[in-house]
Structures are given as structure tokens and as C-alpha cells.
Amino acid sequence: MPTLRSLLHILSHAAILAIAGLTILNSMGSAMAVQEPDAEQPGKEGGDEFAPQQSSLPVPPPKDAVVLFDGQGADLFLSMEGGEINWPVEDGTLVSTRGQGRSNHLVSKLHFRDADIHVEFMLPETTSGNSGVYVHGNYELQIFNSFGKKKIEMGDAGAIYGFSKPLVNACRKPGEWQVCDIRYRAPRRDDSGEIVEEGSITAWLNGKKVQDNATFGEPKSKYHPYRYGTTPYLQRIWEQQKKTMTGPVFLQDHDSPVRFRNVWIRPLDDCAALYEPEK
């Protein structure tokens, strides 16, 4: 039987996500198709210890992952306006590209509640390498050139920006491929959209645990993407997120040409969906 990874090259997005057991939504959140998973997958809620393999890169995605970028097309990412992205694909990598007047983050079409997130990246040798993995657009796992720093701070690689410093400095030299794995549990919200149970992140960077069940509530930063330089498309996502507790992953633009490859998400429950903007 073909794996999800092989099907990415031959099937439509709708078919791919149906095979993965995902609901397909439009931008207002109404269901277009659904198929429940056949069985609980190992390592999902109540499952195994989170200790991802990071010793050999690139890391093959598990069969139940949704691959957002495999070195070719980036059709499962959108711009902050909900349109086509303008980050170039060069030598099998997505290259962060500066926006005009606002940040130029990429936003995944895949929305999820709890998930494992895998990102491989390379820092440039000429700038700070400032970027990040914005989980749900709210919580940024910091990407930054912290190589060799003795004292690590909130802005260093592996931090959850504004919430938790990294446990260790695991950053490699610019120009080398690095790998980040995140296990994310979304905050739980009541019917009014208020958080009633904090979320959490455990994260590994280059074979070292940099966050260990770090908890968080509402995002604090004034640069929160749903507040700063936001768009109508992002506002719709934010309102939907408060109702469903699901959201996308962003790859952050912060004026540095960081390269990304092998980006995939492994949903840990049945809440994942493809969120399509209105045409």
C-alpha cells in the first residue's frame, strides 16, 4: 500500500488529506469531506515518550504525517493574505523572503489541534538568521544564530519567545542543516474562546531537548501575527481558532534568508483539517 508521502506526488490535496483522516474545510470552517482514521497511531495522545530521531538528516516523515514541503512544490502553504506565496524554491529549499511593509510569513493550509511538527532549516552566514516556527501563529519556537553563546536568553534558538528560554544552547553553525521537532498540545478554550487549560510544548533541537513541557496561555507579544501587520485572512483564522482550538503553523519571515526543507506535521488527534480560503 502506498504511503502518504508517495501519494503527495500523485493525488490532489483533498484525496491526500482524506487518506490521512482529515476533514477538509473552507475558510468559514464548513466541512467538505471527512474520513475517520482506521486506528489510533503509536505515539498519539497517551502514547510514547517524545524522543524524535535527529541524528541523520533529512529525517523521513512517518507514514501518518502530512508533508507540507518536500523540496518541490509548496502548495500547502499560503501567504498571509491567503494567496500564493512568493518565497522562492532554490535547490530543494524554501527561502524566507522579506515582505513589503509587513512580515511575509508562510501559513500552512493544514490546521491542527495537537501535533508533532518537524522542520529542518539552515541559517545564513551573513545575517542573524532570525526566523521561527509559529505554532498556531501564536507561539514561536525561535530560530536564531546562537551558535557559541555562553549565556542563552529569550531570543535565542530553541526559546518559546516571550514564554520560556531554551534549556541548552543546541544551535549549530550557520551554513549547516539543523533540525527542530516540536510536540504541541494546544490550549483548551471554553465556548467564549477563553483559555481554561494552558497549552504545552516539548521541543528538541539538533538532538538536545530545549523545551520540556513548557506551558503557556494567551500570546503576549505585540508582534503577534494576528495583531501586528495582520490581514483579513489571518483575522478569520484567529476567530476560527478561538472556536475550534485548531490553527496553522507559520514559517516566520524576519528579514533573514533562512532556508527550510522537509517540513511535516503529524496530527495527534482527529481535529486536523485543510483550511482553504474563499475564492
Does region 114-131 contain at least one residue that is touching an Asp or Glu at 6+ places or on another chain (Cβ under 9 Å), surrounded by 17 or more Cβ atoms within 10 Å (Cβ to Cβ), within 29 Å of T244 (Cα to Cα) and at pLDDT below 95? yes
Single condition G158 does not satisfy, out of (1) more than 15 Å from the chain's Cα centre (by Cα); (2) assigned to a loop (DSSP other than H, G, I, E, B): (1)
What pairs can you find where one residue is in region 232-247 and more than 10 Å from R188 (Cα to Cα), the other is among the hydrophobic types (A, V, I, L, M, F, W, C) and in a helix (DSSP H, G or I), and their Cβ atoms are less than 8 Å apart, with a gap of 6+ or different chains? G247/I237
Taking region 245-279 only, how many residues are acidic (D, E) and within 21 Å of P225 (Cα to Cα)? 4
Please determine whether any residue of region 162-172 is in a loop (DSSP other than H, G, I, E, B), surrounded by fewer than 24 Cβ atoms within 10 Å (Cβ to Cβ), of a type in the set (K, R) and touching a residue at least 12 places away in the same chain (Cβ under 8 Å). yes
If you go through region 194-214 one residue at a time, do you hit one that is at negative phi, of a type in the set (G, A, S) and without any contact (Cβ under 8 Å) to a residue 12 or more places away in the chain? no
For region 99-112: of the residues being in contact with a His (Cβ under 9 Å, 6 or more places away or on another chain) and surrounded by fewer than 24 Cβ atoms within 10 Å (Cβ to Cβ), which is modelled with the lowest pLDDT? G99
Answer residue from region 193-218, given it is of a type in the set (A, V, I, L, M) and closer than 21 Å to I143 by Cα and is surrounded by the fewest Cβ atoms within 10 Å (Cβ to Cβ) among those: A214
Hits in region 121-155 (condition: outside any loop (DSSP other than H, G, I, E, B), under 15 Å from A203 (Cβ atoms) and not polar (S, T, N, Q)): F121, G132, V133, Y134, V135, Y139, E140, L141, I143
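The values are calculated or read from the model by the stated rules, or taken from the named source; none is laboratory data. Remember, it's a predicted structure, so these values are computed and weren't measured experimentally. All Cβ positions, even for glycine, are placed from backbone atoms using ideal geometry, and neighbour counts span all protein chains on display.
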